[in-house]
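The block underneath contains the structure these notes are about, expressed in structure tokens.
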Amino acid sequence: MLSLAGSARVFMARSAVDFRKAHDGLVAIVREVFADDPLSGDLFVFLNRRRDRIKVLVWDRNGFWLMYKRLERGTFEQLSVPDGAARVELDRARLTMLLEGVASKSLRFRRTFHPRVSISARREHDAAAAR
């Protein structure tokens with residue numbers, strides 16, 4: 001089971017990656033193409049051209065983890081990414097759905113659900129309600 005820290009962000013590559021690349025090759029992509037820090041503890045997700053394999057790269061205090069999943073049938077969903085972007089940020093729920101094969105196009109979030117709520121927004125809401 002994959003368990004993620006609440007502060008961990010998830011980034012997925014826009015284009016397919018050569019799956020002969022291992023740790024060092026994927027770290028180079030994160031640094032050069034994404035312009036991100038691979039030592040940040042964030043997760044970096046890569047798909048192959050056929051989208052039947054996925055790799056997740058993450059730094060864990062003293063080394064890199066490289067998680068790999070190969071589907072026996074079917075493909076992983078291709079997520080829409082804005083043009084010109086090398087990567088897209090996913091939330092943890094979307095990553096889990098991607099890994100489990102849930103089609104995100106058929107999902108609908110409830111109107112009251114907001115994926116990004118900060119404490120300062122909560123304080124402002126409470127202050128406005130007290131008035």
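Bear in mind that the values in this text are calculations on the coordinates, not laboratory data. Here the structure is a predicted model, which is why all the values come from computation and not from measurement. Cβ: placed from backbone, ideal geometry, glycine included. Neighbour counts: every protein chain shown.
The protection proxy used here, the mean number of other Cβ atoms lying within 10 Å of each residue, ranks peptides 56-64, 44-52 as follows, highest first: 44-52, 56-64.
Add +1 for every Lys or Arg and -1 for every Asp or Glu among the other residues with Cβ under 15 Å from the Cβ of Met67, and state the total. Can you show the working numbers first?
Details: positive: Lys21, Arg53, Lys55, Lys69, Arg70, Arg92; negative: Asp42, Asp60, Glu100.
Value of the local net charge: +3.
Of the GluC sites (Glu not before Pro) found in segment 72-101, those that fall in a DSSP loop while having at most 11 other beta-carbon atoms within 10 Å are Glu72. The residues neighbouring Lys21, those whose beta-carbon lies less than 15 Å from its own, together hold a net charge of +2 under the Lys/Arg +1, Asp/Glu -1 convention.
Counting other beta carbons within 10 Å of each Cβ, put Ser40, Ser15 in order, fewest first.
Working: Ser40 15, Ser15 11.
Taking fewest neighbouring Cβ atoms as first place, the list is Ser15, Ser40.
Within the same chain, aspartates and glutamates fewer than 8 places from Lys69 are excluded, and of the rest, those with a Cα less than 12 Å from its Cα are Asp52, Glu100.
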